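Read through the structure below, which is laid out as structure tokens, and then see the notes.
The values are calculated or read from the model by the stated rules, or taken from the named source; none is laboratory data. Because the structure is a prediction, the values reported are computed rather than measured. Cβ: placed from backbone, ideal geometry, glycine included. Neighbour counts: every protein chain shown.
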Amino acid sequence: MADPSFRYGVLISGGGSNLQALIDRSADGYIPGRIAVVISNEPRALGVQRAVSAGIATRVIDHREFPDRAAFEKAMADTLDAAQVELVCLAGFMRVLTPWFVRRYQGRLLNIHPALLPAFPGLHVQEKALTSGVRFSGATVHFVTEEIDTGPIVAQAVVPILPGDDVPTLASRILRQEHRLYPLAVRLFAQKRLLLHGRQVVVADHAVDPDAALINPPLEPIA
Ligand code: GRF
């Protein structure tokens with residue numbers, strides 16, 4: 001089922017800790033494939049150094065150097081297509097994508113969001129979770145659609161919100177789970193186990209692997 005020739009691209013804007021998790025889990029074989037290209041729209045992003053250190057083809061495509069969003073996205077698409085990627089992962093990529101880009105990679109464009117969608121889409125996510133009084137938050141990997149943070153959900157990780165939490169403590173607890181969750185979602189995609197049924201993502205072979213697409217808590221074993 002696994003395809004070792006599977007190639008994917010990662011788009012970043014910042015620290016790239018999720019990128020690092022994807023690099024590490026591709027290197028150790030958990031993800032049956034490799035990152036063919038990393039694109040950053042921010043020249044000084046730490047993630048650029050992570051990609052270069054790992055020996056991955058890395059391109060800075062600075063949105064400020066393009067006349068408009070369309071030209072910027074065309075440059076990214078040309079780079080991704082030249083690298084022959086089957087999947088594009090947004091990992092802390094901070095530019096809103098136009099319908100043109102989203103449609104071009106429909107069904108093969110993933111994003112990670114630091115909340116249990118559909119709760120708390122958009123920005124300032126941990127602050128929203130803390131002030132709302134929820135007892136749990138977490139992270140979601142979803143397919144990207146034209147509306148922000150609303151696409152079909154692939155996998156989720158749950159984390160508790162603890163007394164005394166503030167934005168940094170909650171963000172870092174969630175981020176630790178993101179580093180498990182994104183590789184899991186990419187692995188399922190690479191294994192061709194993600195089947196889109198309308199808004200639902202069905203994970204193939206769920207019966208033998210019932211908690212394939214969730215982290216914390218695992219399911220009770222199926223009797
Ligand atoms: C993560 O919290 C991710 O969920 C959000 O942006 C952050 C990126 O962090 N989309 P990093 O750059 O991967 O460290």
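Quick check: is even one residue across region 50-68 under 18 Å from A139 (Cβ atoms), at pLDDT 95 or above and within 16 Å of the ligand (Cβ to nearest atom)?
The first filter runs over region 50-68 and keeps only residues under 18 Å from A139 (Cβ atoms), leaving none.
No, the conditions are met nowhere in region 50-68.
Every residue, every condition in (1) more than 19 Å from G151 (Cβ to Cβ); (2) within 14 Å of the chain's Cα centre (by Cα); (3) buried (at least 18 other Cβ atoms within 10 Å of the Cβ), yes or no:
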{"residue": "G29", "(1), (2), (3)": "yes, no, no"}
{"residue": "V48", "(1), (2), (3)": "yes, no, yes"}
{"residue": "A71", "(1), (2), (3)": "yes, no, no"}
{"residue": "V85", "(1), (2), (3)": "no, no, yes"}
{"residue": "N111", "(1), (2), (3)": "no, yes, yes"}
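Filter region 55-69 for residues that are of a type outside the set (S, T, N, Q) and outside any loop (DSSP other than H, G, I, E, B); which is farthest from the chain's Cα centre (by Cα)?
Among those residues, the one meeting the criterion is E65.
Criterion first (among the polar types (S, T, N, Q), more than 16 Å from the ligand (Cβ to nearest atom), surrounded by fewer than 19 Cβ atoms within 10 Å (Cβ to Cβ) and within 28 Å of P99 (Cα to Cα)) does Q200 satisfy it?
Yes.
Tell me which residues, restricted to region 42-90, are closer than 19 Å to N18 by Cβ and touching a Leu at 6+ places or on another chain (Cβ under 8 Å).
If the condition is that a residue be closer than 19 Å to N18 by Cβ and touching a Leu at 6+ places or on another chain (Cβ under 8 Å), then G47, R50, A51, M76, L87, V88, C89, L90 are the ones that fit.
Have a look at Q156, Q84, Q126, Q106 and point out the one that is on the phi > 0 side of the Ramachandran plot and either polar (S, T, N, Q) or assigned to a strand (DSSP E or B) (or both).
Details: Q156 fails: on the phi > 0 side of the Ramachandran plot; Q126 fails: on the phi > 0 side of the Ramachandran plot; Q106 fails: on the phi > 0 side of the Ramachandran plot.
Just a single option satisfies the conditions, and that option is Q84.
Against the conditions (1) modelled with pLDDT of 95 or more; (2) within 16 Å of the ligand (Cβ to nearest atom), where does F101 fall short? Just the number, please.
Single failed check for F101: (2).
State whether the residues of region 16-29 include one that is at positive phi, in contact (Cβ under 8 Å) with a residue 40 or more places away in the chain and of a type in the set (G, A, S).
Step one: list which residues in region 16-29 are at positive phi, which gives 16, 29.
Then drop every residue that is not in contact (Cβ under 8 Å) with a residue 40 or more places away in the chain, which leaves 16.
Checking the rest, the ones that are also of a type in the set (G, A, S) come to 16.
Yes.
Which ones in region 77-96 are farther than 13 Å from S13 by Cα and of a type outside the set (D, E)?
Passing the criteria: A77, T79, L80, A82, A83, Q84, V85, L87, V88.
Do the conditions hold for L175, that is, is it on the phi < 0 side of the Ramachandran plot and buried (at least 20 other Cβ atoms within 10 Å of the Cβ)?
No: the conditions fail for L175.
State all residues of region 3-29 that are at pLDDT below 95 and either touching a helix residue (DSSP H, G or I) at 6+ places or on another chain (Cβ under 7 Å) or within 16 Å of the ligand (Cβ to nearest atom) (or both); if no residue qualifies, say none.
Listed by number, the list holds a single entry, D3.
I need the full set of residues from region 133-153 which are part of a loop (DSSP other than H, G, I, E, B), within 10 Å of N111 (Cβ to Cβ) and either out of contact with any helix residue (DSSP H, G or I) (no Cβ under 7 Å at 6 or more places or on another chain) or in contact (Cβ under 8 Å) with a residue 60 or more places away in the chain (or both), in order please.
Result: I148, D149, G151.
Just to verify a result, which residue in region 109-120, among those that are assigned to a loop (DSSP other than H, G, I, E, B) and among the hydrophobic types (A, V, I, L, M, F, W, C), is nearest to V201 (Cα to Cα)?
Within region 109-120, the match that is nearest to V201 (Cα to Cα) is L117.
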